[in-house]
1. Could you list, in sequence order, the residues of region 7-23 that are assigned to a strand (DSSP E or B) and buried (at least 16 other Cβ atoms within 10 Å of the Cβ)?
2. Looking at I68, I72 in this structure, which one is of a type in the set (V, I, T), surrounded by fewer than 15 Cβ atoms within 10 Å (Cβ to Cβ) and touching a residue at least 24 places away in the same chain (Cβ under 8 Å)?
3. For region 29-51, which residues satisfy the criterion of being at pLDDT below 95, touching a Leu at 6+ places or on another chain (Cβ under 9 Å) and not β-branched (V, I, T)?
Amino acid sequence: VQLQASGGGSVQAGGSLRLSCAASGGIFVINGVDWYRQAPGTQRELVAGFTRGGSTNYADSVKGRFTISRDITKNTVYLQMNSLKPEDTAVYFCRRALGGQVYWGQGTQVTVSS
């Protein structure tokens, strides 16, 4: 399984970005893919993901601003980030955790200036 994250960049507060995580290497490979982030000096934290039933869940800090979605035909999981804040600055990673196997993408930097 390989995960390729992209879409990061530098934006001003209030701006938007859309991250993409392209998955390859298996059937139904985007099942179990979610988004994490890690700011300097902090632990990696879950930002958004899917429950087993297909519902979405979000960190409290991003609820109402971020939206996770997936396109099965493209094997891609997206993270739409709106109303960005300086505290959203971090490296964003996609992760696949399924059946006891965990895979991480390489991360994409998001920088939000005030």
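The values are calculated or read from the model by the stated rules, or taken from the named source; none is laboratory data. A quick note: this is a predicted structure, and the numbers were derived from the prediction, not measured. Neighbour counts run over all protein chains shown; Cβ positions are idealised from the backbone, glycine included.
1. Scanning region 7-23 gives V11, L17, L19, S20, C21, A22, A23.
2. One residue alone meets the criteria, I72.
3. Of everything in region 29-51, those that are at pLDDT below 95, touching a Leu at 6+ places or on another chain (Cβ under 9 Å) and not β-branched (V, I, T) turn out to be N31, G32.
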